[in-house]
Amino acid sequence: MDILSEISNIGIVPVIALDNANQAVPLAKALIDGGLPCAEVTFRTAAAEESIRQMARHCPDMLVGAGTILTPEQADKAVAAGARFIVSPGLNEEVVKHCQKIGVPIIAGVATPSEVEKALSLGLTTLKFFPAEAAGGLAMIKAMSAPYSQVKFMPTGGINAKNVNSYLSFKKVIACGGSWMVSKELINSGNFAEITRLTKEAVATMLGFELRHVGINCSDEQESSAVASQFEKLFGFSKEDRGGAYFAGEFIEVMKKPFYGAKGHIAIATHYPQRAAYRLEKAGIKLNWDSAGYNPDGSLRVVYLKDEVGGFALHILQK
């Protein structure tokens, strides 16, 4: 497994501080149920090492990492406990080289161009931008991305439900670290149901699913034109020829020949098709990758699901 690609597909990495290792497994299950099977367990508490061990042992589907790693010794303890990636708040050359030596991915923290250059000299191209909001936020990431186009960032610090998509929408951001769904108050009170709810809310905010249009299958262009004209006459939806289909307004696509689906198709738009596809496949939904279309930069733009719902094919597409 490519750990960094997995983190990118997940999109949001919950940053967790645990005072009691007995809370680790219920918390991991709450995050998995909420749709974020990932955690960065910070080494700021005495319970961190055992918490990682418990998560790794009892929740094998969880991608567990260790954060706030300041020394090679901490990195060794975290990896021995089951951490599959390391995150450090700053750029510590000794820690970076040690992680490279033992073969564990490290996302080291930077906040300035000089630190980015130092990271590049160490062979790192995916970096933590920390503390994100205090260090200039998305504007700073964009500014640093201009001269350092090969670098990607995982901003952490001040990320919340209101600004997460502004970060994730920038192509150089692979994921965001955040703690708003895993507050200490919720963890210490054992309110894991609320953590699951907030996690689901975070995933829904990130993906932003919404109905884009409904496609109707017709036998030929003449029928397609007539059907689109009916919608125009009934509701004033402007009819427009768009090549393979007539559109009536923006939400009804009338195909000029039979396409996917016995009756037609339903298009669901999302901010991030790749992350949506990842979650669908994780849930056991099969995708028709032969139908996939891609943006000029190679990112996924559209893909159909294999199974129909009510006679309609379903596809996700880029907003």
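What strands (runs of 3 or more DSSP E) lie completely within segment 230-309 and have 1 or more residues being of a type in the set (Val, Ile, Thr)?
Working: elements: 239-241, 245-248, 252-255, 264-270, 287-294, 300-305.
So the answer is 252-255, 264-270, 300-305.
Kindly check whether there is at least one residue in segment 11-31 that is surrounded by fewer than 17 Cβ atoms within 10 Å (Cβ to Cβ), in contact with a Leu (Cβ under 9 Å, 6 or more places away or on another chain) and farther than 15 Å from ILE195 by Cβ. No, segment 11-31 has no match at all. Of the helices (runs of 4 or more DSSP H) that lie entirely inside segment 1-77, those containing 1 or more residues that are assigned by TED's automatic domain parsing to the domain that holds ALA175 and basic (Lys, Arg) span 24-34, 48-58.
The set of residues in segment 90-103 being buried (at least 20 other Cβ atoms within 10 Å of the Cβ) and touching a Gly at 6+ places or on another chain (Cβ under 9 Å) consists of LEU91, VAL96. Taking residues in segment 185-202 that are in the same structural domain as ALA30 (by TED's automatic domain parsing) and surrounded by fewer than 15 Cβ atoms within 10 Å (Cβ to Cβ), and partners anywhere that are of a type outside the set (A, V, I, L, M) and part of a helix (DSSP H, G or I), the pairs with Cβ atoms closer than 8 Å and at least 6 places apart or on different chains are ASN188/GLN23; GLY190/GLN23; GLY190/PRO26.
Conditions tested, residue by residue: (1) under 23 Å from LYS200 (Cα atoms); (2) out of contact with any strand residue (DSSP E or B) (no Cβ under 8 Å at 6 or more places or on another chain).
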| residue | (1), (2) |
| --- | --- |
| LEU31 | yes, no |
| PRO37 | yes, no |
| VAL41 | yes, no |
| CYS59 | yes, yes |
| THR68 | no, no |
| PRO72 | no, yes |
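Exactly one residue out of ALA245, ALA277 is outside the structural domain of GLN150 (by TED's automatic domain parsing), touching a strand residue (DSSP E or B) at 6+ places or on another chain (Cβ under 7 Å), surrounded by 15 or more Cβ atoms within 10 Å (Cβ to Cβ) and closer than 26 Å to ILE7 by Cα: that is ALA277.
Could you grab me the full set of residues in segment 152-179 that are closer than 16 Å to ALA39 by Cβ, surrounded by 21 or more Cβ atoms within 10 Å (Cβ to Cβ) and not aliphatic (A, V, I, L, M)?
Residues of segment 152-179 closer than 16 Å to ALA39 by Cβ: 154, 156, 159, 175-179.
Okay, now just the ones that are also surrounded by 21 or more Cβ atoms within 10 Å (Cβ to Cβ), so 154, 156, 159, 175-178.
Residues satisfying the conditions are THR156, CYS176, GLY177, GLY178.
Residues in segment 167-180 include none that are polar (S, T, N, Q), without any contact (Cβ under 8 Å) to a residue 24 or more places away in the chain and either over 28 Å from THR112 (Cβ atoms) or part of a loop (DSSP other than H, G, I, E, B) (or both).
The values are calculated or read from the model by the stated rules, or taken from the named source; none is laboratory data. What you see is a predicted model, and the numbers here were worked out from it, not measured in a lab. Glycine gets a Cβ as well: all are built from the backbone with ideal geometry, and neighbour counts include every protein chain shown.
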